[in-house]
Each structure stands twice: as structure tokens, then as C-alpha cells.
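Data first, discussion second: the structure below is written as C-alpha cells.
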Amino acid sequence: MQFTHAIVRTPAPSLSQGITSANLGQVNFEKALQQHANYVLALEHLGLTVTVLPSEEAFPDSTFVEDVALIFGELAIVTNPGAASRNGETISIRPALLKHFANLLHIHPPGTLDGGDVMWTGDRVYVGLSSRTNRVGAEQLGKHLQNAGLEWAVVEMAEMLHLKTGVNYLDQGNLLVAGEFIEAPIWRAFHQIQVSPDEAYAANCVCINGSVLVPAGFPQTASAIENIGYRVVIVDTSEFRKLDGGLSCLSLRF
Ligand code: GLY
């Protein structure tokens, strides 16, 4: 998969009121803004044209733009996020997507689905059933995918917030796995890079055109990725981690 574009959203001052289970302390908003700007620069250095959407104060989690839309080649789908406080984030993503895609499909209630629960390997789309994504939402997505000729599979989950909290596809068959996904039969066909519990946050990396964005502070995972031939780009996301947000959550890539 080659990427040329990304969409991100500037964090709002309300960021510190975002949903979290992390218990890592208060978000430093100025630092979050700087980290976000550095993240955008990293995407640009990897050759992407980045659209930076304005902040949305009414939606503290709206910088985690990956959850509100899905993009598979020419197919763009607006999700229906599972957390009530995030539901209205879908309104302002539509015009941003319509600049790039002629038609948008949607996930409708009672289906719920967060983009963080969806992982595309190129061959197949994996959809995690989490506290945010229900079976109705997954099946709606499945129909859209089938109509576009894409294979899909459901992934049962027990512990992680999102599917991509614990499993992320790089490319060429390489998969980062952590926690409940280590040894899970569904990933048997992949070359797995197992992320140790003390570095579990780093299971959420983003592969962009052969380089991998890795969060700062996880040297074993960075080395493991480098050792299988990737160029590693370190990005500090400590303020977003305080809100359960990973690297992939901060952008839509296409
Ligand atoms: N704070 C990110 C989320 O819970 O959706």
C-alpha cells in the first residue's frame, strides 16, 4: 500500500477532557500541540500531503481522527463512533473527505464502529469487536467491503480498547502483536513481531511507504522493527498516550 495523503485534526484545548483509562496524569496541552505539529512534519517528510483540519472544542477526542472514517483505495466510509461523546465528530469529517472522494458510505445506528478497530492488510480487512465496535457495525462495514470486492474477517477481543491498540500491520506480511493478540490463531499466517508487556503501547506503529513511525520511549520495539529492514522514525506521542491515543489514531492515511 502506497500512501500519498493524510488528514489530521489539530488538538482542541478541551483535549484533557478526552476519554481515558490510562492513569498517566494530566495532559500538557502546549506539549500536545507541539507533538502534533511534529507528527505532521514526520508525515510530510515521508512524502505525504497532509490536510490539517481545525480543532473542534466541542469534541475533546476529535484529534483521534482515525476513528471517524475508513479509507480503502477509492472507498471512503464515515463511521459511527461507539462513544457517545465522539459521535458528532463525524459531521465535520465529511467535507474533508468529499474533497478527495466523490461518494461517502456510512455506518448507521444501531451499528457502531471506531476506525481504530479496523486493520487493512491489503488482502483482507480485520474488524475487532470491542466496546466501541458492535457486531451490527462490523456487518454493515462487511457489506460495504464485499460490494467493493474486499475480503473481511471479524476479530473477537477481550481486553484492548481498539483492535489496533494491540495489533498493527506493517507491510510484506509483518505484523506487530501485543497482549491478548500474541499467539492468537487468526494471525498465524503473518510474520509476527511480539511486543513485550512493558512496551505494549508501541504495538501501535504506522508503516508509511516502507518507513515505520514508532512512538518515543520503546527501544526494544524500535530495534525489532529496524532489524527486519525498516527505516524507523521516532515520534513522541506521550500526551496522546495519556488519552489512550496511539500513533495511528492521529491520522487518516490514503
Ligand atoms: N481517547 C480516545 C478514545 O477513547 O476514543
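Data for the structure
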{"quantity": "Inter-site label distance for GLU57 and ILE186 at 7 Å from Cα along Cβ, in nm", "calculated": "4.1"}
{"quantity": "Charge dipole (debye, nearest 20) of the stretch 213-254; +1 at Cβ of Lys and Arg, -1 at Cβ of Asp and Glu", "calculated": "100"}
{"quantity": "Cβ-Cβ FRET estimate between ASP123 and ILE234, R0 fixed at 41 Å, reported to 0.05", "calculated": "0.90"}
{"quantity": "Theoretical FRET efficiency, 1/(1+(r/R0)^6), r = Cβ-Cβ of ILE19 and GLU156, R0 25 Å, to 0.05", "calculated": "0.65"}
{"quantity": "Size descriptor, Kirkwood hydrodynamic radius, that averages inverse alpha-carbon separations across the chain, Å", "calculated": "18.0"}
{"quantity": "GluC sites (Glu not before Pro) restricted to the stretch 11-64 and DSSP loop, no more than 15 other C-beta within 10 Å", "calculated": "GLU57"}
{"quantity": "5 angstrom amide H check on VAL232, placed H, neighbours 5+ away", "calculated": "VAL212"}
{"quantity": "Share, in percent, of DSSP beta bridges within the stretch 106-254 that are antiparallel, nearest 5", "calculated": "35"}
{"quantity": "Spatial separation of Cα centroids for the stretch 1-52 and the stretch 103-128, in angstrom", "calculated": "21"}
{"quantity": "Structure-based [θ]222 nm, the chain - -39500 (n - 2.57) summed over DSSP H runs of at least 4, per residue, nearest 500", "calculated": "-6500 deg cm²/dmol"}
{"quantity": "The chain: most fluctuating residue of LEU98, LEU33, LEU150 per GNM, C-alpha cutoff 10 Å", "calculated": "LEU98"}
{"quantity": "Rounded to whole Hz, the Karplus (6.51, -1.76, 1.60) HN-Hα couplings of the stretch 15-30, x for glycine and proline", "calculated": "3, 5, 8, x, 5, 7, 10, 6, 6, 10, x, 6, 6, 8, 5, 4"}
{"quantity": "Carbon plus sulfur fraction of accessible area for the stretch 126-237, probe 1.4 Å, in percent", "calculated": "49"}
{"quantity": "Dipole magnitude (debye, nearest 20) for the chain, charges at Cβ of Lys, Arg, Asp, Glu", "calculated": "400"}
{"quantity": "Using θ = phi - 60° and Karplus 6.51 cos²θ - 1.76 cosθ + 1.60, couplings along the stretch 125-134 (whole Hz; Gly, Pro as x)", "calculated": "9, 9, 10, x, 8, 10, 5, 9, 10, 9"}
{"quantity": "Distance histogram in 5 Å bins (all Cα pairs of the stretch 74-179, percent per bin)", "calculated": "2, 12, 22, 23, 21, 14, 5, 1"}
{"quantity": "Virtual spin-label span in nm between VAL136 and ALA216, 7 Å along Cα→Cβ", "calculated": "4.3"}
{"quantity": "Formal net charge of residues neighbouring ALA22 (Cβ-Cβ distance under 12 Å; K, R +1; D, E -1)", "calculated": "0"}
{"quantity": "Solvent-accessible surface ranking, highest first, for MET160, MET119 at 1.4 angstrom", "calculated": "MET160, MET119"}
{"quantity": "Residues with amide H under 5 Å from that of LEU53, placed H, sequence gap 5 or more", "calculated": "VAL8, ARG9, THR10"}
{"quantity": "Sites LEU98 and LYS143, calculated FRET efficiency, Cβ-Cβ separation with R0 22 Å, nearest 0.05", "calculated": "0.50"}
{"quantity": "Within-15-Å neighbourhood charge of CYS205 [Cβ basis; K, R +1; D, E -1]", "calculated": "-1"}
{"quantity": "Net charge over other residues, Cβ less than 11 angstrom from the Cβ of LYS164 (K, R count +1; D, E count -1)", "calculated": "-4"}
{"quantity": "For the chain: accessible area per residue (Å², 1.4 Å)", "calculated": "43"}
{"quantity": "Within a Gaussian network of the chain (alpha carbon springs, distance under 10 Å), most fluctuating of ASN134, ASN209, ASN103", "calculated": "ASN103"}
{"quantity": "Whole-Hz ³J(HN,Hα) from phi, Karplus 6.51 cos²θ - 1.76 cosθ + 1.60, for the stretch 183-189, glycine and proline x", "calculated": "6, 5, x, 4, 9, 4, 6"}
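The values are calculated or read from the model by the stated rules, or taken from the named source; none is laboratory data. This one's a predicted model, so the numbers in the text were calculated from it and none came from an experiment. When we count neighbours, we look across all protein chains shown, and the Cβ atoms used for this are built from the backbone with ideal geometry, even at glycine. Accessible surface is based on the protein model in full, side chains and every heavy atom, while ligands, DNA and RNA are left aside. Shrake-Rupley method; radii C 1.70, N 1.55, O 1.52, S 1.80 Å.
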